[in-house]
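Asker: Before I ask anything, here is the structure I am working with.
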Amino acid sequence: MPNKSFGESSCTAAASGLVQVRGARENNLKEVDVSIPRNALVVFSGVSGSGKSSLAFGTIYAEAQRRYFESVAPYARRLIDQAGVPDVDAIDGLPPAVALQQQRGSSNARSSVGSVTTLSSLVRMMYSRAGAYPANQPMLYAEDFSPNTPQGACPTCHGLGHVYEVTEAIMVPDPSLSIRERAIASWPPAWQGQNLRDILVSMGYDVDRPWKDLPKKDRDWILFTEETPTVPVYAGFTPAETRAALKRKMEPSYMGTFTGARRYVLHTFANTQSALMRKRVSRFMEGKPCPTCHGKRLKPEALSVTFAGVDIGEFMQVPLDQLAALLEPIAQGDFRAHATGAATDKEATRRDRAERAASGRAVHAVSPDVRRTSALSEEKRLAAQRLAGGVMAPASTAWAGFGLPDA
Ligand SMILES: [Zn+2]
């Protein structure tokens, strides 16, 4: 019978140092039996379409992921359903697997967890399923930990990690100029800019005074208003002639609609079909780290969940070569660094440990702190242990499915 769990026969096969595949029929594979050495760099070569990817990704990696998800989270079944079950009789000796994208350049110790794409989904699963949640916060789905989903994205920056600011200092670089002298550098060039100026004349704004001498209320309205009033425009008239024409209710040259300077910049950036225009207005937009997520791109609820004491934004920045130090204790069943509210309790934990060490007791030789660990159910601890081990695996020397771009 095929053994589809990480059971005894897997261990036996693992002990033999081999991953043993029997009867692989995925895609164009025809009952392929193959034994692959573990802890070695193994290359599958062959002409295009010979089944290299079907074996590496479609069979071995797919089966490893399927077993893995199955062992950690009942909820993950829908992910398994998406991935499908590979058509194979048996695979033994299979360690947890990670697939790396087919791409130029590979991961190294300086790569972070976040830069290994496939690992990211496992990390999101880990936070969703086994993270330490603040009291009373319901469990989140894996998608809630992705900045690329509407559920997960920070509501302030929409998952970008930064926000654009359009300030007076950027739009009016030389406040000694008047509006007529094009003080507002972010205004559109040529006729459109002239149109906006003429509209301001009709509205009674002084376009011939230096910008810095205009009342702040006027400057703010011209730059930042969201109103778009439509007024009569008398093209080629001086301000005095315009005032007289308005008084006499003269037929205008046309009706012009005003747009605030910031609104023009943002609207053009978002909507223009012209790359040149977008580039032009982007000069007036200043990117800053998002004040809500501080560049972590996720909604606050997602960032409130920690694993090993860090939120997922911090976790994704951990270099691969430091991952083991962070996850090892949890994979070994030591949950002191992984408690509810660990982020805020970090200092307390550090103090506790320092006190224990100072009092001559081994840091590990104390009973678990009930206050900080009670929120973790047995089920959750097991999931945390397995997932921590699974995320660590690619950082050490487990199976890694490398794919080279097809020529
Ligand atoms: Zn944000």
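The values are calculated or read from the model by the stated rules, or taken from the named source; none is laboratory data. If you're wondering where the values come from, they're calculated on a predicted model, not measured in any experiment. So basically every Cβ, Gly included, is an ideal-geometry build from the backbone, and we count neighbours across all protein chains shown.
Asker: Could you go through the stretch 153-166 and let me know if any residue there is at pLDDT 90 or above, more than 16 Å from the ligand (Cβ to nearest atom) and on the phi < 0 side of the Ramachandran plot.
Answerer: The answer is yes; a qualifying residue exists.
Asker: Going through Glu301, Glu251 one at a time, which residue ends up being farther than 22 Å from Val207 by Cβ and touching a helix residue (DSSP H, G or I) at 6+ places or on another chain (Cβ under 8 Å)?
Answerer: Being farther than 22 Å from Val207 by Cβ and touching a helix residue (DSSP H, G or I) at 6+ places or on another chain (Cβ under 8 Å) holds for just one of Glu301, Glu251, which is Glu301.
Asker: Out of the stretch 283-340, which residues are of a type in the set (Gly, Ala, Ser) and in contact (Cβ under 8 Å) with a residue 12 or more places away in the chain?
Answerer: Start the filter on the stretch 283-340 by keeping residues that are of a type in the set (Gly, Ala, Ser), which leaves 287, 295, 302, 304, 308-309, 313, 324-325, 331, 333, 337, 339.
Residues satisfying the conditions are Gly287, Gly295, Ala302, Ser304, Ala308, Gly309, Gly313, Ala324, Ala331, Gly333, Ala337, Ala339.
Asker: List pairs: first residue in the stretch 144-160 and β-branched (Val, Ile, Thr), second residue away from the ligand (no atom under 11 Å from the Cβ) anywhere in the structure, Cβ distance under 6 angstrom, at least six positions apart or on different chains.
Answerer: The qualifying pairs are Thr149/Glu143.
Asker: Kindly evaluate Ala261 against the criterion of being more than 18 Å from the chain's Cα centre (by Cα), of a type in the set (A, V, I, L, M) and at pLDDT below 95.
Answerer: no
Asker: Select from the stretch 142-168 the residues that are of a type in the set (A, V, I, L, M) and assigned to a loop (DSSP other than H, G, I, E, B) and write down the one among them that is nearest to the chain's Cα centre (by Cα).
Answerer: Looking only at the stretch 142-168, we keep the residues that are of a type in the set (A, V, I, L, M), and these are 142, 153, 160, 163, 166.
With the extra rule that they be assigned to a loop (DSSP other than H, G, I, E, B), the set shrinks to 160, 166.
Values: Leu160: 8, Val166: 24 Å.
Within the stretch 142-168, the match that is nearest to the chain's Cα centre (by Cα) is Leu160.
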